[in-house]
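Written out below as structure tokens is the structure these notes cover.
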Amino acid sequence: MPAPKNRVIPDEAGYPGLRINDDQPELKKGFAYFNEEIRPRREFQPDLGDHGEWRKVEFGKPGGELYNVLTTTPWDLREFGLGVAMYFQTLQLLCVTFFLCGLFQTQAISYYKSDKYSHRQTIDPASGKPVPGMLRGSAVCTVQETVCMDAECETVDDRNLCMMGARQAFFDITMTIALLILFSAVATVQGKVSAALDESLQTAQDYSVIVDDPSPEDGDVNEWKEFFGKFGHTTFITIAKDNGPLLRALSKRRLIMREIIMCIGNGEASLEEDDDGILDMTWDGKSFLDKMDEVSMEQAASGSADAKKRTQVLIMKTGIFGMKTMAAWRKELAKCNDEIQVALDSAAETPYVPSKVFITFETEAGQRKCLKALSAGLLTAAFDIGKEKVPPEHIWKGENVLAVKEAPEPTEVFWEDVDVTFEKRMKQQGLTLGITVVMVFSSVGVCKLLQVLAGTAGAALWISISNILVPTVLRKLCFEVEDHVSLNDQQMSLFLKLTFFRWMNTAVVIYLITDFDEFLTVKAMKQVQAVIFADAVTTPLIRTLNPATLVNQLIISNYAMTQEKMNSYFLGDPWYPAERYADMTKTLFLALFYAVLFPAGLFITCVGYAFIYTVDKYSLLRSWRTPAEMDDDVTKVARGHMFFGVYCHAVMSMVFFSEFPFDGICKDTELGEMDNHVYFYAHEQYNVTDHHIYKPCDQAVSGKILSIMAGGSLASDQMAGQQERVVRVYSLLVLILTVLLFVMFFGKGLIMTVYHLFNGKYSEDTKANPEHFTTCDIQAFIPIYRQNGLAYPLIAADVTTFEPKYLPFEMDREEDYLVQSLYNKAELPGYTDDELKALFSEVHYFPPPSGLVEEDDAAKKKKKKWGMGKKKGDYEEVAGEEP
């Protein structure tokens, strides 16, 4: 980091923001704070609908009641974001789907339990004990016979007598086709539900567009207003600047200062300027620096204090429970002030310039007219290719074809990363994708090596460790290495990486580490059952209980110095929709991967989805931090992964049916049968009951799967008649699905990608809502920064340029919004209004004129009463219009 120049702030000072609750900590007050201010609440709006409706209470607003965990439906969760609502609806659909899949496989379960397959699977030959629980009804084979491996029977081996059933295969193929049809229907239904949810809830996204490529000199709001005004009245124009380093540093300093104040208390106002130059406060007559010195000395001399004080200092010295010593906080504060000064120095040399521009129209019709006119292909917008075909009035300043698209939700925007370019994102994501691929295949390689060196137990231990460590690393890659303009983009990147890892590290790695001749053993089936059960029940239960949070809240928080610090342990657990979607698709993939060998896993997965739906809904409404609203793009990609999971099921069913009976022994057709005297000797000596001579053979076909894509078949002469017929049918099915997968999904995706290089993506999925933006109680595009450890977001713009009602939270007093803003002279003492304006993004509010009527307004007959989440029909007649 370069050395700071022209320092304007002291080394060890900062603005702490809102006053803290510096009372002595009480655990019951911490839980009361969590219950009344952090947990999401709802309130009844009697003027909505025919009989009134429940609506989510804005964060920070008092009143309301907790959501009912049992009766809350995915529709009720739409105000948490479309992606959240669709996640819970997908869990419901998958629960029903897997119950139906289980019904298809009841014949297989019955067959596996029958005399015909394996003498009712009574005794495990390896252990001599009964086959346990649900493994009766799996492909466990308990019947073997000893056969001769040469003409003189000098070598013998055990051959499995269990064979797959043709009827079993018929039901599995039927289930596969039914799943494809069902998932297609689900995609259609969810598309309609998503549209209905979107129509029922008015948000800023419905009225707004984003300009991705403004030039550095495009900071004049009047020019933007004039250009976009041709499509409709522009109510908000937000010019977002590339001031990310300053926002991060200022926000971090706010957190550090609050941590220090949570140790020393609020202090008293001082009539004399304090030595910090910012606070003008004293603590028992001591300055800020002197008070920190006093606390530091007390903590250093804690050996003579009482037991609680010694434990408190010990926790602070570890630094792993959110508490640190005063000396550590002072070092971080000085370092943070250096970062702020470097950012200020950089801004003085290279002023911050516009990176993105958000335009919010007064009507949806205005937004849609804009998108229809200005939506352009990627190459057209990036390099002005085909500019001559664009109407002159739609070209910015007669030179630039703007990259305009529908804006994300305001709470989705990462305002500190608005300067990230497409090229930078591709480089970052290419790097992180490469690291992910290396990590995944390295994990699989290590797992296989441990299986060879230490057996299955060592491999299983590695799977457990890597399932904990690797997702943590992937989160860091996506959150710290990659820059994303929106939460939706960030979660999509994390979802793809997590899905790749979790699919490989569960189903695929178990297949790779299981010896071929052990697939039909109790040991192998126990491993599959354990992983499916852990996915369905154990992992969600541990995630819900979250022992680490309980330790922090019930034990560690008692050593906080103030109530405010104790409250910081009750801000809710952060959670990431991408992880939940990745887990959801991994559970589907795992159950379908081994459905032929362990069909009861489908019923376990059905119960698991019901359990996950329940505990995740409980966590969302009771323990998780309320998420920023997210669109349903991840849902759509997850549906594609479900189709791919069904395809993989078809492939693995073909593989498993081909590899039966998993013993690596085949009849030697050249040697034929043993002589009678050899047979009688073998019968007496080894209890051989088969005259045929056998030989080792390679029944494994996983390495031949690629040949199916070219129209080949895995069927061979070594297979029994019905087995060969079944495998040929599966080979044909997999070939058809391969063609459909690549033509309908990858082929269509490639064609559409090429098309959108030169053509815009915009299309209307729903009808424009006639309600005006300013009549709706919804958010605007106001820059905020969500700092971990702070309950309220920090505002990164001049709060005097808009009404606080357009923020995503509510505060007790109007003056608190100024305190919560980083655009604050107390934050940066000595800076003038013009200098502050140059450092921060700009929000411009243009109230619509009274009686504004735009195109489509004249035709509307009804008007919505309120903008948040109304259903069709929730209207009242507008005065002056004909009924």
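Would you mention how many residues in region 824-847 are crowded, with 19+ Cβ neighbours inside 10 Å and assigned to a loop (DSSP other than H, G, I, E, B)?
Of the residues in region 824-847, 5 are crowded, with 19+ Cβ neighbours inside 10 Å and assigned to a loop (DSSP other than H, G, I, E, B).
Regarding Met316, is this residue free of Cβ contacts under 8 Å to residues at least 24 places away in the same chain and surrounded by fewer than 18 Cβ atoms within 10 Å (Cβ to Cβ)?
Numbers: free of Cβ contacts under 8 Å to residues at least 24 places away in the same chain: yes; surrounded by fewer than 18 Cβ atoms within 10 Å (Cβ to Cβ): no.
No, not satisfied.
Kindly indicate whether Asp632 is modelled with pLDDT under 90 and crowded, with 22+ Cβ neighbours inside 10 Å. Can you show your working first?
Values: modelled with pLDDT under 90: yes; crowded, with 22+ Cβ neighbours inside 10 Å: yes.
Taking the combined requirement at face value, the residue satisfies it.
Among the residues of region 57-91, how many are under 29 Å from Asp816 (Cβ atoms), part of a helix (DSSP H, G or I) and of a type in the set (D, E, K, R)?
So the answer is 1.
Got a sec? Which of Ala348, Ala327, Ala343, Ala334 is in contact with an Asp or Glu (Cβ under 6 Å, 6 or more places away or on another chain) and either assigned to a helix (DSSP H, G or I) or surrounded by fewer than 21 Cβ atoms within 10 Å (Cβ to Cβ) (or both)?
Ala334
When the residues of region 201-214 are filtered to those that are touching a strand residue (DSSP E or B) at 6+ places or on another chain (Cβ under 7 Å) and of a type in the set (Ser, Thr, Tyr), which remaining residue is nearest to Glu423 (Cα to Cα)?
Filtering region 201-214 down to residues touching a strand residue (DSSP E or B) at 6+ places or on another chain (Cβ under 7 Å) leaves 204-205, 207-212, 214.
Imposing the further condition that a residue be of a type in the set (Ser, Thr, Tyr) reduces the set to 207-208.
On the way: Tyr207: 28, Ser208: 25 Å.
Selected residue: Ser208.
Residue pairs, Cβ under 7 Å, 6 or more apart or interchain, first in region 409-432 and over 19 Å from Tyr352 (Cα atoms), second part of a strand (DSSP E or B). List them.
Close Cβ pairs satisfying both conditions: Glu412/Ser486.
Tell me the residue from Met492, Met504 that is open to solvent by 10 Å² or more (accessible area, probe 1.4 Å), out of contact with any Ser or Thr (no Cβ under 6 Å at 6 or more places or on another chain) and under 30 Å from Lys241 (Cα atoms), please.
Working: Met504 fails: under 30 Å from Lys241 (Cα atoms).
Going through Met492, Met504 in turn, just one is open to solvent by 10 Å² or more (accessible area, probe 1.4 Å), out of contact with any Ser or Thr (no Cβ under 6 Å at 6 or more places or on another chain) and under 30 Å from Lys241 (Cα atoms): Met492.
If only one of Val140, Val156, Val147 is in contact (Cβ under 8 Å) with a residue 60 or more places away in the chain and open to solvent by 30 Å² or more (accessible area, probe 1.4 Å), which one is it?
Numbers: Val140 fails: open to solvent by 30 Å² or more (accessible area, probe 1.4 Å); Val147 fails: open to solvent by 30 Å² or more (accessible area, probe 1.4 Å).
Result: Val156 is the single residue among Val140, Val156, Val147 that is in contact (Cβ under 8 Å) with a residue 60 or more places away in the chain and open to solvent by 30 Å² or more (accessible area, probe 1.4 Å).
For region 383-428, give me each residue that is within 24 Å of Ile782 (Cα to Cα) and among the aliphatic types (A, V, I, L, M).
Within region 383-428, Leu402, Ala403, Val404, Ala407, Val413, Val418, Val420 meet the criteria.
Only one of these is under 28 Å from Val84 (Cβ atoms), surrounded by fewer than 22 Cβ atoms within 10 Å (Cβ to Cβ) and of a type in the set (A, V, I, L, M): Leu431, Leu450, Leu469, Leu487. Name it.
Numbers: Leu431 fails: under 28 Å from Val84 (Cβ atoms); Leu450 fails: under 28 Å from Val84 (Cβ atoms); Leu487 fails: surrounded by fewer than 22 Cβ atoms within 10 Å (Cβ to Cβ).
Result: Leu469 is the single residue among Leu431, Leu450, Leu469, Leu487 that is under 28 Å from Val84 (Cβ atoms), surrounded by fewer than 22 Cβ atoms within 10 Å (Cβ to Cβ) and of a type in the set (A, V, I, L, M).
If you go through region 554-578, how many residues are touching a helix residue (DSSP H, G or I) at 6+ places or on another chain (Cβ under 6 Å), open to solvent by 20 Å² or more (accessible area, probe 1.4 Å) and part of a helix (DSSP H, G or I)?
Of the residues in that region, 3 qualify.
Every residue in region 397-420 that is in a loop (DSSP other than H, G, I, E, B), closer than 18 Å to Ser215 by Cα and touching an Asp or Glu at 6+ places or on another chain (Cβ under 9 Å), please. Outline the logic, then answer.
Step one: filter region 397-420 for residues in a loop (DSSP other than H, G, I, E, B), giving 397-399, 401-403, 407-409, 414, 418-420.
Narrowing further to those that are closer than 18 Å to Ser215 by Cα: 397-399, 401-403, 418-420.
Residues satisfying the conditions are Lys397, Glu399, Val401, Leu402, Ala403, Val418, Asp419, Val420.
Could you tell me which of the residues Phe88, Phe171, Phe80, Phe98 is open to solvent by 10 Å² or more (accessible area, probe 1.4 Å) and among the aromatic types (Phe, Trp, Tyr)?
Values: Phe88 fails: open to solvent by 10 Å² or more (accessible area, probe 1.4 Å); Phe80 fails: open to solvent by 10 Å² or more (accessible area, probe 1.4 Å); Phe98 fails: open to solvent by 10 Å² or more (accessible area, probe 1.4 Å).
Answer to the check: Phe171.
Of the residues that sit in region 767-803 and are more than 19 Å from Phe80 (Cβ to Cβ) and part of a strand (DSSP E or B), which one is nearest to the chain's Cα centre (by Cα)? Working first, answer last.
First, the residues of region 767-803 that are more than 19 Å from Phe80 (Cβ to Cβ): 767-775, 780-783, 785, 787-790, 794-803.
This time we only want the ones that are part of a strand (DSSP E or B), so: 785, 794-795.
Details: Tyr785: 20, Leu794: 24, Ile795: 25 Å.
Among residues in region 767-803 that are more than 19 Å from Phe80 (Cβ to Cβ) and part of a strand (DSSP E or B), the one nearest to the chain's Cα centre (by Cα) is Tyr785.
Hey, any hits in region 579-587 for a residue that's touching a helix residue (DSSP H, G or I) at 6+ places or on another chain (Cβ under 9 Å) and over 30 Å from Asn68 (Cα atoms)? Spell out the reasoning first.
Here is the first cut: in region 579-587, the residues touching a helix residue (DSSP H, G or I) at 6+ places or on another chain (Cβ under 9 Å) are 579-587.
Pick out the ones that are also over 30 Å from Asn68 (Cα atoms) and you get none.
No: region 579-587 contains no residue that is touching a helix residue (DSSP H, G or I) at 6+ places or on another chain (Cβ under 9 Å) and over 30 Å from Asn68 (Cα atoms).
Using the structure shown, decide if Gly133 is open to solvent by 40 Å² or more (accessible area, probe 1.4 Å), small (Gly, Ala, Ser) and over 19 Å from Tyr613 (Cα atoms).
Details: open to solvent by 40 Å² or more (accessible area, probe 1.4 Å): yes; small (Gly, Ala, Ser): yes; over 19 Å from Tyr613 (Cα atoms): yes.
In short, yes.
I need the helices (runs of 4 or more DSSP H) fully contained in region 704-758, keeping only those with at least 2 residues that are of a type in the set (A, V, I, L, M, F, W, C) and modelled with pLDDT of 75 or more. Give the derivation first.
On the way: elements: 705-709, 721-740, 748-758.
Qualifying helices (runs of 4 or more DSSP H): 721-740, 748-758.
Tell me, which helices (runs of 4 or more DSSP H) lie completely within region 580-698 with 1 or more residues that are farther than 30 Å from Thr72 by Cβ? Quick ask: steps written out before the conclusion?
Details: elements: 601-622, 633-659, 676-686.
Qualifying helices (runs of 4 or more DSSP H): 633-659, 676-686.
If you go through region 215-246, how many residues are open to solvent by 10 Å² or more (accessible area, probe 1.4 Å), in a loop (DSSP other than H, G, I, E, B), of a type in the set (D, E, K, R) and in contact with a strand residue (DSSP E or B) (Cβ under 7 Å, 6 or more places away or on another chain)?
Selection size over region 215-246: 1.
The values are calculated or read from the model by the stated rules, or taken from the named source; none is laboratory data. Quantities reported herein were computed from a predicted structural model and do not represent experimental measurements. So basically every Cβ, Gly included, is an ideal-geometry build from the backbone, and we count neighbours across all protein chains shown. Surface accessibility is based on the protein's heavy atoms, side chains included, excluding ligands, DNA and RNA. Shrake-Rupley method; radii C 1.70, N 1.55, O 1.52, S 1.80 Å.
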